[in-house]
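The values are calculated or read from the model by the stated rules, or taken from the named source; none is laboratory data. All figures in this text were calculated on a predicted structure; none of them were measured in a lab. Protein only, heavy atoms only, side chains kept; ligands, DNA and RNA dropped before computing areas. Shrake-Rupley method; radii C 1.70, N 1.55, O 1.52, S 1.80 Å.
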Amino acid sequence: MKSLISKALKFENNALYVLNQQKLPTEIEWIHCHSPMQMVEIIQSLKVRGAPLIGIAAALALADFVEKKKPTREEIITIANLLINARPTAVNLSYCIEQQLQAYHASNDMQAIVHTAEQLFEEDAKLTYAMAEHGAKLIQDGETILTHCNTGALVTTGIGTALGVIIFAHQQGKNIHVYVDETRPLLQGARLTAWELEQAGIPYTLICDNMAAYSMKMGRIDRVMTGADRIAINGDVANKIGTYGLAVHAHYHNIPFHIVAPETTIDWQCQNGESIRIEERAHQEVRGAIGAFGQVTWSPEQSHVYNPAFDVTPAGLITSYILSRGIVKSIDKTLLAVA
Ligand code: MRU
């Protein structure tokens, strides 16, 4: 496979590396990924995370495996299924791996799995710059944008999804400010988005998730932008837990709410949000916090916990979808034509 370099994922000197996002921003650690099974663990523990990047990371792991081990067709299918099922909610794992399998079946050549991984990596970056250009047109000089979770260059091979739009608007010289939801329980906003905004030199304010509604009421927020893990064909969107609440609050306060995602996030088999499987994660994540410093527990040890990692925002609460082809108000089959 050729060399491929992005902020959090790279294939270099014939080896696959993942930036350990669980250690950011305290420590920069690149993990050498030796096998697809190790990649499954890396994805499940969120060392690599974010919908687009987990898909690309899985695709590179499959390509690396195929090139180095020359497996049988059955072994390829087994490994592909393990990668697809590493996490359930984001569509990107199945999208990327299925692209590779289709190319393999069509050509009967294992090298097609490798070429498809390279194409997916390069295509993802292009899609993000297109979204950034479209989305930045919405952002006016002087605006404050609220965002949730982490959607920057750490989760794509390019500039990012929602955070990519924000960074691009800043690069255009617009004077903007960002409100960053800390994003409990795993703090992707506080740890990763705040870090990426500092690197980009964009002024921001960090808030706890439960401060978003009041910030809107106080007139501090002009628009909300988030990414998406899976978009159903009726326009419902699964994204990081807390997104639905933000959309409800934005609707109540008459604040535009935008989803930024490449067309590859639309699941054309998924009729509506109710059929999206929502990942539930370990109780310890809510009883306290797990970080570079280890596990800290502040609740009673045996507290009963509910820990859905994602929620679904109904289409009716979404002002527009910023896709790579442009901004649309709804999702419909005409998008399929060139998707
Ligand atoms: O659990 P995570 O950190 O992988 O969740 C990431 C998100 O929910 C992002 O908002 C999403 O993937 C869309 S933007 C890349």
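Computed extension length for Lys2-Ile278: 95.9 nm, one decimal, from 0.36 nm per residue of separation with the Cα-Cα distance subtracted. Heavy-atom accessible surface of the chain, averaged per residue, reaches 42 Å², computed with a 1.4 Å probe. Here segment 283-322 was treated as a single set of alpha-carbon atoms; its pair distances binned every 10 Å from 0 give 25, 32, 18, 24, 2 percent. Whole-Hz Karplus values for segment 166-177 come out as 5, 5, 5, 4, 5, 5, 6, x, 6, 8, 10, 10 Hz, taken residue by residue from phi with 6.51 cos²θ - 1.76 cosθ + 1.60 and θ = phi - 60°; glycine and proline positions read x.
Straight-line cross-link reach from Lys174 at under 18 Å between alpha-carbon atoms covers these lysines, not counting any fewer than eight positions away in the same chain: Lys137. Pairs of Lys residues in segment 4-127 that lie 8 or more places apart, or on two chains, and have C-alpha atoms under 20 angstrom apart add up to 9. Given an 8 Å cut-off on Cα distances and at least 6 residues of separation, report the relative contact order of segment 124-220 as a percent. Relative contact order of segment 124-220: 28 percent. Under 1.5 on a/c is rounded, so check that first for segment 41-195, then, if it is not, pick prolate when a/b is larger than b/c and oblate when it is not; a ≥ b ≥ c are the square roots of the alpha carbon gyration tensor eigenvalues. The shape class here is prolate.
Debye sum, Cα scatterers, segment 194-261, no solvent: what log₁₀ I/I(0) at q = 0.12, 0.24 1/Å? With no solvent term, the Cα-only Debye profile gives -0.36, -1.17. Radius of gyration (Cα atoms) of segment 4-127, expressed as a multiple of 2.2 N^0.38 Å: 0.98.
Given the DSSP H assignment, sum -39500 (n - 2.57) over each helix run of at least 4 residues in the chain and divide by its residue total; what's the result at 222 nm in deg cm²/dmol, nearest 500? Display every interim value, and only then the final one.
Values: 10 runs with 119 residues, N = 339.
My calculation for the chain gives -11000 deg cm²/dmol from helical runs alone.
Our coupling estimate for segment 211-228, obtained by passing each phi through the Karplus curve with A = 6.51, B = -1.76, C = 1.60 and θ = phi - 60°, is 9, 5, 4, 5, 4, 5, 4, 7, x, 8, 10, 9, 7, 10, 10, 9, x, 8 Hz, Gly and Pro reported as x.
Could you estimate the translational diffusion coefficient of segment 143-208 from the Stokes-Einstein equation, with Rh from the Kirkwood formula over C-alpha pairs, at 10 °C and 1.306 mPa s, in whole µm²/s? Once the numbers are plugged in, D ends up at 139 µm²/s. Once the mean of 1/r is taken over each pair of separate Cα atoms and inverted, segment 181-339 shows a Kirkwood hydrodynamic radius of 17.1 Å.
Semi-axes of the chain's equivalent ellipsoid from the Cα gyration tensor, sqrt of 5 times each eigenvalue, largest first, rounded to whole Å?
Values: eigenvalues 191, 106, 76 Å².
Calculated on Cα positions only, the semi-axes equal 31, 23, 19 Å.
Amide H contacts of Asn307: Arg281, each under 5 Å away and 5 or more positions distant or on a separate chain (H built 1.01 Å from N in the peptide plane; Pro and chain starts excluded).
Per-atom-type breakdown for segment 4-127 gives carbon and sulfur 51% of the accessible area (1.4 Å probe, protein chains only).
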